[in-house]
Amino acid sequence: MRKIIHIDMDAFYASVEQRDFPEYRGKAIAVGGSPNGRGVVATASYEARKFGVKSAMPSRQALQLCAELIFVRPRFDAYKAVSTHIREIFSRYTDIIEPLSLDEAYLDVTEDKLGIGSALEIAKQIKQAIKDELNLTASAGVSSSKFVAKIASDMNKPDGLTFIGPSKIEGFMEMLPVERFFGVGKVTAKKMKSMGLNTGADLKKLSEDDLVRYFGKSGKFYFKIVRGIDERTVKSERTIKSLAAEDTFEHDLITPEEMHTELSKLADKVSLRLAKNELKGRTITLKLKYSDFKQITRNQSFPNPIGDYQEIFNTVISLLENVDLQNKKVRLLGISMSNFGELVMYSKSGNSYQLELFE
């Protein structure tokens with residue numbers, strides 16, 4: 001039986017800012033871009049979240065929700081330094097660490113270095129070390145699978161610790177809303193609910209063949225996971241091959257202007273995710289799905305890696321101009337980045353280039 005911990009820092013960027021600058025403590029702050037431009041929220045403090053401010057939300061919208069919101073420019077060097085320290089804490093207990101981003105990771109502690117034996121105790125010690133050494137809080141989920149550990153870490157935030165033992169996993173999965181299942185987005189969740197499938201227990205009533213017929217290859221995963229079967233291992237070397245954002249619209253898009261507006265939002269999301277993972281890509285792919293469900297893609301590659309919002313947006317607009325949209329209605333748009341290269345750390349002025357993503 002595996003012992004897996006998922007650690008997720010609480011409002012990471014915002015918490016680091018509140019730790020380092022006393023004037024931000026207890027205040028509603030958003031780390032990200034200015035509301036005067038095309039900025040987006042990278043992370044919001046818990047004080048801001050009470051007003052509905054969320055990550056990836058346009059800064060202008062966030063300000064409408066919370067008039068007292070303080071916008072803070074991100075300091076990626078500071079966040080990376082904290083992340084490195086957190087990783088060092090993890091390595092005291094295991095070398096099997098799969099980072100998902102700067103602020104979260106899976107740990108396999110089936111055989112821990114210190115011979116503690118209890119994954120729950122290890123999670124407690126890690127949380128305490130993060131608090132003592134970095135003056136920050138983390139939430140942890142402990143279970144025998146990656147999926148359940150990740151869900152558990154989000155259950156009692158902030159500063160939470162949730163253990164879901166093997167005997168409770170299947171019952172836990174039965175009660176879980178379908179939208180919390182890995183790989184179930186808004187469109188799939190809506191389809192499931194239209195079929196009367198609201199929880200894991202509802203999914204469990206269907207055979208594997210039924211799930212595959214309704215949901216394609218993902219049906220095989222749903223069939224296993226609702227029964228607590230998750231065979232994915234914690235991979236200590238995790239390579240991100242692509243990052244993407246896409247959206248399916250309630251009403252089909254007809255005019256180029258409508259598509260430009262939606263592509264702007266998607267370019268914001270992609271640039272934010274690239275910055276969070278400290279990546280830049282050489283290939284941009286534009287994805288379109290028409291109202292008749294026909295799907296096409298267009299891509300462009302560059303000699304040097306890019307990640308700036310404006311570069312991404314300009315490229316996809318150029319790609320869109322080469323698509324025949326006459327008499328076409330678009331129900332889905334997507335942007336993906338791949339063929340990653342090393343991050344360019346400094347601009348001509350000598351400042352961190354990553355910060356420009358949030359202008």
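Worth pointing out:
- Verdict on Gly281 being in the same structural domain as His260 (by TED's automatic domain parsing) and touching an Asp or Glu at 6+ places or on another chain (Cβ under 7 Å): no
- Matching residues in the stretch 65-124 - criterion: being among the aromatic types (Phe, Trp, Tyr) and over 23 Å from Ser45 (Cα atoms): Phe90, Tyr93, Tyr106
- Test: residue in the stretch 209-222 that is farther than 25 Å from Pro74 by Cα and not in a helix (DSSP H, G or I): yes
- Within the stretch 139-161, residues that are among the acidic types (Asp, Glu) reach partners that are outside any loop (DSSP other than H, G, I, E, B) with beta carbons closer than 8 Å, at six or more positions or on different chains, in the pairs Asp154/Asp8; Asp154/Ser139; Asp154/Gly141; Asp159/Lys127; Asp159/Ala138; Asp159/Ser139.
- Meeting the requirement of 2 or more residues that are among the hydroxyl-bearing types (Ser, Thr, Tyr) and not assigned by TED's automatic domain parsing to the domain that holds Ser144, no strands (runs of 3 or more DSSP E) wholly within the stretch 1-111 can be named.
- Residues that are under 24 Å from Pro74 (Cβ atoms) and either at pLDDT 90 or above or among the polar types (S, T, N, Q) (or both), drawn from the stretch 248-284: Leu263, Ser264, Lys265, Leu266, Ala267, Asp268, Lys269, Val270, Ser271, Asn277, Ile284
- Close pairs (6 angstrom Cβ cut-off, 6 or more residues apart or separate chains): of a type in the set (A, V, I, L, M, F, W, C) in the stretch 316-345, at pLDDT below 90 and assigned to a helix (DSSP H, G or I) anywhere: Val344/Tyr353
This table checks each residue for (1) in the same structural domain as Tyr46 (by TED's automatic domain parsing); (2) on the phi > 0 side of the Ramachandran plot; (3) of a type in the set (S, T, N, Q).
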position	(1), (2), (3)
Lys113	no, no, no
Ala138	no, no, no
Ser144	no, no, yes
Asp159	no, yes, no
Met173	no, no, no
Pro177	no, no, no
Gly183	no, yes, no
Met192	no, no, no
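- Close pairs (7 angstrom Cβ cut-off, 6 or more residues apart or separate chains): over 16 Å from Phe12 (Cα atoms) in the stretch 61-83, surrounded by fewer than 14 Cβ atoms within 10 Å (Cβ to Cβ) and among the small types (Gly, Ala, Ser) anywhere: Leu65/Gly52
- Residues (surrounded by 16 or more Cβ atoms within 10 Å (Cβ to Cβ), within 20 Å of the chain's Cα centre (by Cα) and without any contact (Cβ under 8 Å) to a residue 60 or more places away in the chain) located in the stretch 37-54: Val41, Thr43, Ala44, Ser45, Ala48, Arg49, Val53
The values are calculated or read from the model by the stated rules, or taken from the named source; none is laboratory data. From a predicted model like this one, the values you see are computed outputs, not experimental measurements. FYI the Cβ positions are ideal-geometry reconstructions off the backbone, even for glycines, and counts take in every protein chain you see.
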